[in-house]
Amino acid sequence: MSFSSTLENIDQADEETKRFLCSAGLEAEAFGIRLAMREGLINAVVHGSRGDRHKIVKYGLRLENNHLIVEIEDQGGGFDWQFHMGKEPALTSESGRGLAIMRSYCTDVAYNGKGNKLVLRKKIGEELLASKIAKQRDQAIVKPGTDVVASMAQGFRNELRSLVEKGLKELVIDLAGVEMIDSIGLGVFIATHNSLSKTGGKLIVT
C-alpha cells in the first residue's frame, strides 16, 4: 500500500497489518511486528519525508519462508543508518529509540544503501504455522494452521505429502478455520488428490 506522509495514515497501515496477521493465524506475533512496523513508519514520515504530506510512503507486509517481512520506503534523502544502528539514545532523550525497538522485536533490521528503504524480518516459529493433524488407522484429519495461500503452500504441501507417503487411505482436510485459498493452494489440494488416487485413497475437503 502507498499513502501520503502523515502520522494518521500509520493507523490505517496498522489496521491492515492486524487483518493480515489474523488471517494468517499469527496473532501471537502481532504485538512485536506491529510495534516495529509503527516505528519504521514513524521514521519514514517524520525523518524521511520530514512531514511533507505530498511525499509518498510505501508499505508492504508478506510471509515468506517462515519469516514475516516488512518493507517501508519513503521519498526522502535517506540517512547513515549503519552509524545510527549501534547507538543507544540517552535515557533523557525524547526521541531516537525507534531503531532500538525494531532491533528488539525483529530478527533482522536493514536499510538500502541510500537509507530510505527499510526491510524488517521476523522469524516465525514453525509451530505457529503447522497444521493440526489427528490420525486414526488409515485416516488423518488435517486442520491447516493458516490460510492456504502461495506464501504457505510449500510447507502445507510437504505436510500432506508426508501423510500420503505413510500409506493413508483417507485424508480429510478441515477448512473450518481457513478464510482464504488462492490458486496455488488449490493446486496443493489437486496434487494431493492425484497422489492418493494412484494408491486407491481419497481426499475429502470439509
query: Do we have I56 as surrounded by fewer than 16 Cβ atoms within 10 Å (Cβ to Cβ), closer than 23 Å to Q12 by Cα and in the same structural domain as I10 (by TED's automatic domain parsing) here?
result: yes
query: Residues that are over 16 Å from I101 (Cα atoms) and in contact with a helix residue (DSSP H, G or I) (Cβ under 6 Å, 6 or more places away or on another chain): which helices (runs of 4 or more DSSP H) entirely in segment 1-91 hold 2 or more of them?
result: 7-23
field: When residues of segment 98-112 are limited to those that are modelled with pLDDT under 90 and assigned to a loop (DSSP other than H, G, I, E, B), the one farthest from V45 (Cα to Cα)
entry: T107
- prompt: Can you tell me which residue in segment 2-24 is farthest from K55 (Cα to Cα), limited to those that are surrounded by 15 or more Cβ atoms within 10 Å (Cβ to Cβ) and among the aliphatic types (A, V, I, L, M)?
  reply: A24
query: What about L120, is it modelled with pLDDT of 80 or more, farther than 30 Å from L35 by Cβ and in contact with a helix residue (DSSP H, G or I) (Cβ under 9 Å, 6 or more places away or on another chain)?
result: no
message: Among the residues of segment 139-162, what is the count of those that are under 20 Å from L61 (Cβ atoms) and out of contact with any helix residue (DSSP H, G or I) (no Cβ under 8 Å at 6 or more places or on another chain)?
response: 2
task: For segment 44-80, enumerate the residues that are hydrophobic (A, V, I, L, M, F, W, C) and either modelled with pLDDT under 80 or within 22 Å of M1 (Cβ to Cβ) (or both).
output: A44, V45, V46, I56, V57, L61, L63, L68, I69, V70, I72
message: Six or more apart or on different chains, Cβ atoms under 6 Å: show the pairs whose first residue is in segment 191-203 and farther than 13 Å from R161 by Cβ and whose second is exposed (fewer than 11 other Cβ atoms within 10 Å of the Cβ).
response: none
query: Can you tell me how many residues in segment 163-198 are more than 21 Å from L63 (Cα to Cα) and surrounded by 12 or more Cβ atoms within 10 Å (Cβ to Cβ)?
result: 14
field: Candidate set from segment 68-97 (those that are surrounded by 10 or more Cβ atoms within 10 Å (Cβ to Cβ) and among the aliphatic types (A, V, I, L, M)); member that is nearest to V45 (Cα to Cα)
entry: I72
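The values are calculated or read from the model by the stated rules, or taken from the named source; none is laboratory data. The structure presented is a predicted model; accordingly, all values stated were derived computationally and were not measured. Quick reminder, even Gly has a Cβ in these numbers, built from the backbone with ideal geometry, and neighbours come from all protein chains shown.
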